[in-house]
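The structure appears right after this line, and notes come after that.
Read the figures in this text as sums done on the coordinates, not as results from a lab. The shown structure was predicted, so the numbers you read here are calculated from the model rather than taken from an experiment. Every residue, glycine as well, gets a Cβ built from its backbone with ideal geometry; the counts of neighbours run over all protein chains shown.
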Amino acid sequence: MHLVHLLILPPIIMGIIQGATEFIPVSSSGHLIIASHLLRLHHGGHLFIQALDFGTTLALIIYFRRQLKELARQVFVEHDYRLLRNIAITCLPVGLIGFTMSKFVEHSAFFASSLVIAVSLIIFGVIMVVLERLPRLSDVADGRDLSPGRALIIGMAQCLALVPGVSRSGSTIIASRLCGLKPKQATEYSFLASIPIMLALLAKLVVKNTGFIVHHWQPLLLGNIFAFIVGIIAVRLFLTYLEKHDLRAFGAYRISIAIIIIYLLSTGALPH
């Protein structure tokens, strides 16, 4: 299906998938790449997937508006720069590695491989299942109390999300947990630290692909509306869930989806 013919259903499906999976540790990019194969979105599909971040990034900013205001108050009123410092440190590795490797990531068949997605889903799914049994550093209350070294570890883990199927939120939540944050605090810090990266990626997308966005504004708008609505719901439900549960259910889900992908690969329904 050529992207110019996308009118209603495919953008809605992709937007719903983006919103439902962006904030939970199951790899939104992995799900979207698989969905794009099944929907036969080959021409411009990777750009369409990237552009869906507009909706979910807006959802994240609106949902965390109070935390962002509090961060501004800490910086400009209390002159407490600890959280801002840690977020900057966490963003640094993916800023250096991610942006320098962006052309390779965008054009390498490895980063669109269904088999790589399946393997990544399994590996990090297993880690999530056993996460609570792994040794971790001493507990810290929130993102402000992280040491610069721990913030850097979380940032380095975020770089793993360049591999499809890993999940940016999954890698950073796992690293945050191992660095001493409780599940909900780890997730909130992961989301706050993702906002600068997502804004930078979207700015780069707009500058480099203005023609594509203008030409396909209707399906992009439709997909992003659904990504925004579903994303707001998903992040609220996820944070509520983490108040009483850990990540084991998501680990089991990742493994189950990987098994389905491997089966579809074996039948030829998905390309390798």
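For segment 222-252, the set of trypsin sites (Lys or Arg not before Pro) satisfying both a DSSP loop assignment and a count of at most 16 other C-beta atoms within 10 Å is given as 244. Please label the shape of segment 161-268 as rounded, prolate or oblate, based on the square roots a ≥ b ≥ c of the eigenvalues of the alpha-carbon gyration tensor (a/c under 1.5 means rounded; beyond that, a/b larger than b/c means prolate, else oblate). Oblate, because a/c is 1.5 or more while a/b does not exceed b/c.
If R0 is taken as 22 Å, the Cβ-Cβ distance between residue 229 and residue 66 corresponds to a FRET efficiency of 0.65.
Binning the C-alpha pair distances of the chain at 5 Å intervals from 0 yields a P(r) profile of 1, 6, 12, 17, 19, 18, 13, 8, 4, 2, 0, 0, 0 %, listed from the shortest bin outward. Ranked by how many other Cβ atoms sit within 10 Å of their own Cβ, fewest first, the residues 238, 124 fall in the order 238, 124. The slack between residue 215 and residue 265, meaning 0.36 nm per residue of separation minus the straight C-alpha distance, is 14.7 nm.
Packing order of peptides 167-180, 219-232, highest average first: 167-180, 219-232 (average count of other Cβ atoms within 10 Å over each peptide's residues). Extending 7 Å from the Cα toward the beta-carbon at both residue 85 and residue 136 defines two label points whose distance is 2.3 nm. Ordering 114, 138, 108 from the fewest to the most neighbouring beta carbons within 10 Å gives 138, 108, 114.
Taking every lysine pair in the chain that is 8 or more places apart or spans two chains, those with Cα atoms closer than 16 Å amount to 4. Helices in the chain, meaning DSSP H runs of at least 4 residues, each add -39500 (n - 2.57). Divided by all residues, the mean residue ellipticity at 222 nm is -23500 deg cm²/dmol. Hey, how many Å between the Cα centroid of segment 209-224 and the Cα centroid of segment 132-174? Cα centroid of segment 209-224 versus Cα centroid of segment 132-174: 33 Å apart.
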